[in-house]
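Structure record follows, encoded as structure tokens.
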Amino acid sequence: MRVEITLTVNGDPYSVHVEPNRTLLDVLRDDLGLTGTNRGCNQGDCGACTVLVDGKAMNACLVLAPDADGAQITTIEGLATGGRLHPIQQAFIDEGAVQCGYCTPGMIMTAAALLAAHPDPTEEQIRNGIEGNLCRCTGYESIVRAVRAAGRKP
Amino acid sequence: MRRRWERGKVFRSVLPHFEYVRPRSVKDAIRILARYRGEAALLAGGTDLVVRMKMDRAAPRAIVDIKRLAPLGGPVKPSGRSAIAIPPLTTLAEIASSALLKRRLPVLPATALLMASPQVRNRATVGGNLANAAPSADMAPPLMALGARVRIHTRGGVKTIPLEQFFTGPGETVLGVTGILGTITVPLLPRGARASYQAYTVREAMDLSIASAAVRVQKKAGKVVSACIVLGAVAPTPLRVPEAEEALTGTRGTAGDIDAAAEAASRASMPITDVRATEGYRRDIVRVVVRRALSEVLS
């Protein structure tokens, strides 16, 4: 039986009728067409589907859709403001921290949450902070550099 | 819709159908669990349940979302003058960042930080970690070593038992089909007591322990007057090892005393061979983690 959920995604309110067995990731990608959030392992290991739920980084593939009722969601599509990239997005470009790009949206959302909590993180904080995000191109060095660079910006 | 996954495991990219229920109260939740006679699952953080469903290891007819039940949530706070009350819905991230726990029982935030990943810690709850009763559940050994007690909500009413009596087997607890885990109450460390938890994993993130050990040791006038040693991932349940505690009690806690206790713990462990390690390797690792934990608190 479908249930109605309301959620705010990137500042816009939505009301969606969903089967309870769908996940937040399914809703974002299939119902709202926000395909920037990637489906990787689909079991909470890889972090490719990381979004912010009420400001906290979470794996969208592990959140049941009805459980997201009433939540404020930020996806990669909502990170730029007024046509300007978020500093962490710009830093990924500047540091060449994107290779195949599949992990990038999740990696950036995790980094954005980390920077919100620790505006100038140490290398150790960064490495611990992104421990739930896998990059199969193994481009971790440039990713860590990008997060450091974004942190140093005022 | 099913597709084949690694090593013959079935992986569902679409979850099986279920009824999603949000109970109005703890009593209501217990009634619903009873009505479904074991075919309903409680949902807190969901980081175990949803994965188990995708792995085809669970297919509940109903999911009972207890996340919004006030008696199971709220902040970590003092309980009287000598204990701290941890609501079962407290997330691992909240355990890790609790100023009260960091000040009074720092082994618990340190343990939470060892677990999973930031994304999972933002959802996974301490109650879920205990109630799912994985032999490797990281929160269990330190809470047991600290002498935690847990409230149990049942059809017959509410009772409080030592966490030590909570686990009955892998994935099994005294909760049975209709019980719900309530507040976890942890006594503060007495004067002269210290605690440590050491887990051995291959990877630092998203990995389960090969073996782990939690210790709480109290010293008076240079001698160990009490010790509690609990092992993880080397028995069907978290395992208290009185043999190792006796080996240490009454000694001065020298390197030799620590070795003797670690040896006793290793002998008392009952590990299995699985994908992570062999039985013999686990026994060796028990010695290592007990030695590390005792060295930390006795240094």
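The values are calculated or read from the model by the stated rules, or taken from the named source; none is laboratory data. Everything numeric here is computed off the predicted structure, so don't read it as measured data. For neighbour counting, all protein chains shown are included, and Cβ atoms are generated from backbone atoms with ideal geometry for every residue, glycine included.
The table below lists the values:
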quantity: Some residue of segment B:47-56 being among the basic types (K, R), crowded, with 21+ Cβ neighbours inside 10 Å and not in a strand (DSSP E or B); calculated: yes
quantity: Residues of segment B:188-201 satisfying the condition of being away from chain A (no Cβ under 14 Å) and closer than 30 Å to A:I130 by Cβ; calculated: B:A195, B:S196, B:Y197, B:Q198, B:A199, B:Y200
quantity: For A:E131: the one exception among (1) within 12 Å of chain B (Cβ to nearest Cβ); (2) in a loop (DSSP other than H, G, I, E, B); (3) touching a residue at least 60 places away in the same chain (Cβ under 8 Å); calculated: (3)
quantity: Selection status of B:Q165, surrounded by 19 or more Cβ atoms within 10 Å (Cβ to Cβ), free of Cβ contacts under 8 Å to residues at least 12 places away in the same chain and of a type in the set (S, T, N, Q); calculated: no
quantity: Number of the condition not met by A:G106 [criteria: (1) under 30 Å from B:T125 (Cβ atoms); (2) assigned to a helix (DSSP H, G or I); (3) out of contact with any Gly (no Cβ under 6 Å at 6 or more places or on another chain)]; calculated: (3)
quantity: Segment B:163-199: number of residues that are among the aromatic types (F, W, Y) and more than 23 Å from B:H153 (Cβ to Cβ); calculated: 1
quantity: So B:I285, is it outside any loop (DSSP other than H, G, I, E, B) and either touching a residue at least 12 places away in the same chain (Cβ under 8 Å) or surrounded by fewer than 20 Cβ atoms within 10 Å (Cβ to Cβ) (or both); calculated: yes
quantity: Test: B:P187 is touching a residue at least 60 places away in the same chain (Cβ under 8 Å) and over 13 Å from B:P88 (Cβ atoms); calculated: yes
quantity: Residue check for A:Q125: more than 12 Å from chain B (Cβ to nearest Cβ), polar (S, T, N, Q) and either without any contact (Cβ under 8 Å) to a residue 40 or more places away in the chain or not in a helix (DSSP H, G or I) (or both); calculated: no
quantity: Checklist (1) farther than 20 Å from B:M144 by Cβ; (2) modelled with pLDDT of 95 or more applied to B:I285, failing item; calculated: (1)
quantity: Pairs, first within 14 Å of chain A (Cβ to nearest Cβ) and more than 19 Å from B:I152 (Cβ to Cβ) in segment B:14-38, second charged (D, E, K, R) and crowded, with 19+ Cβ neighbours inside 10 Å, C-beta under 6 Å, six or more apart; calculated: B:R22/B:D65
quantity: Any hit, segment B:241-255, residues being surrounded by fewer than 24 Cβ atoms within 10 Å (Cβ to Cβ), in contact (Cβ under 8 Å) with a residue 40 or more places away in the chain and either in a strand (DSSP E or B) or in contact with a Pro (Cβ under 7 Å, 6 or more places away or on another chain) (or both); calculated: no
quantity: Any chance A:R127 is surrounded by fewer than 20 Cβ atoms within 10 Å (Cβ to Cβ), at pLDDT 95 or above and over 16 Å from A:A57 (Cα atoms); calculated: no
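Yes or no, residue by residue, for (1) surrounded by 19 or more Cβ atoms within 10 Å (Cβ to Cβ); (2) among the basic types (K, R); (3) away from chain A (no Cβ under 14 Å); (4) on the phi < 0 side of the Ramachandran plot:
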| residue | (1), (2), (3), (4) |
| --- | --- |
| B:I86 | yes, no, yes, yes |
| B:K102 | no, yes, yes, yes |
| B:R121 | yes, yes, no, yes |
| B:A140 | yes, no, yes, yes |
| B:A145 | yes, no, yes, yes |
